[in-house]
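Written out below as structure tokens is the structure these notes cover.
The values are calculated or read from the model by the stated rules, or taken from the named source; none is laboratory data. This is a predicted model, so every value here is computed, not measured. Note that each Cβ is placed from the backbone with ideal geometry, even for glycine, and that neighbours are counted across all protein chains shown.
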Amino acid sequence: MAVQLLKERYASEVGTVVLGATKEQGGTRSVSLTVGGEKALPFQHYEGEIPNRPLVAMEVTDVEPNWPAPLKEVLGDVVKDPVAWAKKCVEEWGADLIYVKLDGADPDGANKSPEECAKTVKDILAAVGVPLIVVGSGDVEKDHEVMVKVAEEAAGEKLLLGVAEQENYKSLVAACLGNGHSIIARSPLDINICKQLNILITEMNMPADRIVIDPMIAGLGYGIEYGYSIMERGRMGALQGDKMLAMPLICTVGFEAWRAKEAWASENDFPGWGPQNERGPAWEAMTAGALVQAGADILCMRHPAAVKAVKKNIDQLMERK
Amino acid sequence: MIIIGERINGMFKDIGQAVKERDPKPLQEWAIKQKEGGAHYLDINTGPACEDRVAGMKWMVEVVQEVCDLPLVLDSTNYDAIEAGLELCKKPAMINSCPAERPKIERVFPMAVKHNAKVIGLTMNEKGIPKNAENRVALAMELVAAADEFGLPMEDLFIDPLILPVNVAQDHVPEVLEAIRQVKFLADPAPKTVLGLSNVSQKSPDRPLLNRTYLAMAMACGLDAAIADANDDALMETAASAEVLLNQSIYCDSYVKVFRTR
């Protein structure tokens, strides 16, 4: 007797967000990319359409980052120049988009002015054709000024700007609304706050199709399963009709993976762990690989070898047999 | 929890009058008001006084859809009226209702499949409404078998175990809860369940208290939908709370608001 596979029937689907505007759409990007739109759990093509593949954004900082040796070695001198760095990410390393982190704005660091930060963004926009994600340094007060300036200067480019948090979202929402950008809504590994923040943002008349959820994650070995379960729960809610959880997901993979000791510790200190220049990218790639299975739509990554491995993995997962 | 707004029913004086005079205003006002209250579907019933129920139903469906995009629940014992209404519905509708009687099943289920409609199946037959849960579930099983036979997806079958007023048939009230619980085991995926909630409080004082208390109890037993007063704020807040407490929807601080606006 033939076995009949039971298929889930979902009541709803994940919304889509469009990143980047081409000339015809009022921007200057050479491509605009769509994320989200899943009608089933990740890569369950037999149960529902997975119309858009997860994207890999490569991280570029506006000041030279203090990253572990394996990253510095592979990235080389371009880390001193965000424009050259972004170009190389797109042209050589296959980045779908660029994730610009304006660490230079940090008042305790380079303390760059909002104008300087906006100029960096504009310069990167001029150098590459892919859409941009731009986030501040993490200093709440300073980020207000910086992100408002960036939003204004890049009006119409349909950037993805971050990050909005439950206690601090209004000015960024207003800046995105007024200049046609989308927003990253970040919640600290908490599905209830995630949903509430999306409600608060949509109450300011931000359309749901301009919100991307950053659920916050942990790297492999440091609680990734907790992030995974939050993402999975949110995605199940979305597919069952919860509109306030039905946004695409962005994950700061590079940041979390390279915080892991297994990624950054030197071979001298841990000879048994194997060569550092393989271990680090493997750690990052494995973190990303787990998170695409949980429903990640945008992966922010650092190491070219990890990016290459993850893109190949995504190609395979997107094959429909 | 699906709330089916009960108010556009010819049994209510203003609607009965409006249907008779073909005055769309009261129907359209109630459609908008119930949607604002948080209704997910709107029940549409010509009422017993309507002479030509086919024409009455068609007119009601049309005027309600002019102002409201909620899906409709076509409520009539006249299946020609329901079929005429289904032809006009812009969104997949629900048929209210079909008892566990063979000739009616043969009329209703194929019509539902043809129009991609859901069916409310009543646990009663020619002999009336059973006294206990066991016999209600036996009739529910006949409806489940019919869904299978005619190709109606099980999720589109809503079993109504028929609640009676607490001041008339008090012993039925817990039996209905037990029936809701047991109906969920009849198939996998399980059929859905629905109640004509306000019936439990007929002719009692403080009806909203009985309605919302029973709603919470029934939801804990697995109730999926209720034909109810969508403008009873306390009732809607109870439904929203019960949904969160049963882990059916993900909690957030604005959960009541979300329940009403989804």
Taking into account only those residues within segment B:228-260 that are at the interface with chain A (Cβ under 9 Å from one of its Cβ atoms) and touching a Gly at 6+ places or on another chain (Cβ under 9 Å), which is nearest to B:M217 (Cα to Cα)?
B:S249
Counting only residues that are within 26 Å of B:E237 (Cβ to Cβ) and assigned to a loop (DSSP other than H, G, I, E, B), segment B:47-68 contains a total of 1
Would you confirm, using the coordinates I've provided, whether B:V200 is more than 16 Å from the chain's Cα centre (by Cα), away from chain A (no Cβ under 14 Å) and either among the acidic types (D, E) or farther than 23 Å from B:A31 by Cβ (or both)?
no
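If you scan segment B:213-230, which residues turn out to be free of Cβ contacts under 8 Å to residues at least 40 places away in the same chain and in contact with a Leu (Cβ under 9 Å, 6 or more places away or on another chain)? Steps first, answer last, please.
Going through segment B:213-230, the residues free of Cβ contacts under 8 Å to residues at least 40 places away in the same chain turn out to be B:213, B:215-216, B:220.
If the condition is that a residue be free of Cβ contacts under 8 Å to residues at least 40 places away in the same chain and in contact with a Leu (Cβ under 9 Å, 6 or more places away or on another chain), then B:L215, B:A216, B:A220 are the ones that fit.
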If the Cβ limit is 9 Å and pairs must be 6+ apart or interchain, which residue in segment A:218-244 that is within 13 Å of chain B (Cβ to nearest Cβ) and free of Cβ contacts under 8 Å to residues at least 60 places away in the same chain pairs with which residue that is among the hydroxyl-bearing types (S, T, Y) and assigned to a helix (DSSP H, G or I)?
A:M244/A:T202
Taking the condition of a type in the set (K, R), modelled with pLDDT of 95 or more and farther than 25 Å from B:I8 by Cα, does B:R212 pass?
no
When A:Q196 is run through (1) touching a helix residue (DSSP H, G or I) at 6+ places or on another chain (Cβ under 9 Å); (2) within 28 Å of A:A21 (Cα to Cα), the failure sits at (2)
Residues located in segment A:158-191, provided they are within 14 Å of chain B (Cβ to nearest Cβ) and farther than 24 Å from A:V253 by Cβ
A:E167
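Tell me the residue from B:L164, B:L223, B:L186, B:L177 that is outside any loop (DSSP other than H, G, I, E, B), away from every other protein chain (no Cβ under 14 Å) and either among the aliphatic types (A, V, I, L, M) or over 16 Å from B:I4 (Cβ atoms) (or both), please.
Values: B:L164 fails: outside any loop (DSSP other than H, G, I, E, B); B:L223 fails: outside any loop (DSSP other than H, G, I, E, B); B:L186 fails: outside any loop (DSSP other than H, G, I, E, B).
Testing whether each residue is outside any loop (DSSP other than H, G, I, E, B), away from every other protein chain (no Cβ under 14 Å) and either among the aliphatic types (A, V, I, L, M) or over 16 Å from B:I4 (Cβ atoms) (or both) leaves just B:L177.
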Out of all the residues in segment A:274-287, is one or more assigned to a helix (DSSP H, G or I) and among the β-branched types (V, I, T)?
yes
The residue that is nearest to the other protein chains (Cβ to nearest Cβ), considering only those in segment B:130-155 that are farther than 23 Å from A:L6 by Cβ, touching a residue at least 40 places away in the same chain (Cβ under 8 Å) and not in a helix (DSSP H, G or I), is B:N132
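Listed residues B:E142, B:E155; which is among the acidic types (D, E) and either surrounded by 23 or more Cβ atoms within 10 Å (Cβ to Cβ) or under 23 Å from B:I3 (Cβ atoms) (or both)?
Working: B:E142 fails: either surrounded by 23 or more Cβ atoms within 10 Å (Cβ to Cβ) or under 23 Å from B:I3 (Cβ atoms) (or both).
Within the list B:E142, B:E155, the selection yields B:E155.
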Leading residue by the ranking (surrounded by the most Cβ atoms within 10 Å (Cβ to Cβ)) among those in segment A:267-317 that are under 17 Å from the mean Cα position of the chain (by Cα) and of a type in the set (S, T, N, Q):
A:T287
Return the total of residues in segment B:15-46 being outside any helix (DSSP H, G or I) and surrounded by 20 or more Cβ atoms within 10 Å (Cβ to Cβ).
8
